Amino acid sequence: MPETSEAAQAVATGTKRRRVLLKVSGEALMGRESYGIDIETVDRIAREIRAVTDIGIEVCLVIGGGNIFRGLSGAASGMERATADYMGMLATVMNGLALQNALERIGVTTRVQSAIPMTSICEPFIRRRAIRHMEKGRVVIFAAGTGNPFFTTDTAAALRAIEMGCDALLKGTQVDGVYTADPKKDPTAERFEQLSYHEVLARDLKVMDLSAITLARENAIPIIVFSIHETGAFADVLSGRGRCTTIS
C-alpha cells in the first residue's frame, strides 16, 4: 500500500495525467449557517479550487445536496424514496450553479453538467464533452448525481471519477482524514494515515457508501480524505504536504 501522499504526489509531479475529482458535501456549503448556501464559504471553496487549477491540475467536482434537501431524510419522513431522491438531485444542481458562479467571478471557466437534462441552465452530462472541457482548462461540475434514485452522490463521485479517467478521488470533509470514531464527539479518536479498501469495508468506516468504495476498489482509484475547511488543504494534499487519509 502506498504512503499517504504518494497518490497525490504522482498527480502533482506529472507522472500521471494530473486530473482529479473533488467530492464536496452539500453541508460544506452551509458554512456556519444551519441551512442553505453561505456565499462566503462557497467563495472560499472556489479559491481553493483555483489554487489547484493554477498549478495545471485538471479538476472536476461532484457536490451533494444535503444543505437544501436530503433524499433519505425525505423518505424517512414518509415521502416516496424515488421522489425524495429526485428532489435531492435538484438540490445538487442549485449547489453546482452557486459554485460555478463563484468560480467564474474569480476567472475560472466552469461548466455544470447535469445527469438530468435541464438545458436552459446547464449542459447535459456527456462524457467526451466533459473530458474536452477539462483538457481546455475548464472546471466541470457534475450535478444531479447519477440521474437515478437510490444512489448517493458518493457513488456518483466514484462513477464520474472512473468515467473521466481521474488519477484520484478527493473527498473534502469536516475533518482532516478518516478516524476510528467521530473526533468531534470522541477526543480519543485516532486518525488513519492510510487504509485499504478492504479495511474500510471490514471496519464499516463511514467514509463513503459501499457502492462508492467498491467502484473505487475495482478501478484502482485512490480516495484521499481531507478537510475542506482548512485553508489551502486541497492544494497541499495534492503536493503531498497536507494532512489526509489515503485509501488505496
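The values are calculated or read from the model by the stated rules, or taken from the named source; none is laboratory data. A quick note: this is a predicted structure, and the numbers were derived from the prediction, not measured. Please note: Cβ atoms are built from the backbone with ideal geometry, for glycine as well, and neighbour counts cover all protein chains shown.
Remark: pairs (first residue in segment 227-240, free of Cβ contacts under 8 Å to residues at least 40 places away in the same chain; second residue outside any helix (DSSP H, G or I) and of a type outside the set (Phe, Trp, Tyr); Cβ separation under 9 Å; 6+ apart in sequence or on different chains) = 236/230; 236/242; 236/243; 236/244. Taken together, 225, 237, 207 contain a single residue that is in contact with a helix residue (DSSP H, G or I) (Cβ under 7 Å, 6 or more places away or on another chain) and closer than 12 Å to residue 178 by Cα, which is 207. Cβ separations smaller than 6 Å between residues 6+ apart or across chains give the following pairs from segment 94-106 residues that are within 18 Å of residue 137 (Cβ to Cβ) to residues that are outside any helix (DSSP H, G or I) and hydroxyl-bearing (Ser, Thr, Tyr): 100/110; 103/110; 104/110.
Okay, residues lined up against (1) part of a helix (DSSP H, G or I); (2) modelled with pLDDT of 95 or more; (3) touching a Phe, Trp or Tyr at 6+ places or on another chain (Cβ under 7 Å):
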| site | (1), (2), (3) |
| --- | --- |
| 205 | no, no, no |
| 216 | yes, yes, yes |
| 220 | no, yes, no |
| 237 | yes, no, yes |
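Restricting the first member to segment 64-76 and to residues that are more than 22 Å from residue 21 (Cα to Cα) and at pLDDT 90 or above, and the second to residues that are not in a helix (DSSP H, G or I) and not β-branched (Val, Ile, Thr), the beta-carbon pairs closer than 8 Å and six or more apart or on different chains are 68/35; 68/36.
For residue 13, the test of being of a type outside the set (Lys, Arg), more than 18 Å from residue 87 (Cα to Cα), modelled with pLDDT of 95 or more and surrounded by fewer than 21 Cβ atoms within 10 Å (Cβ to Cβ) is failed.
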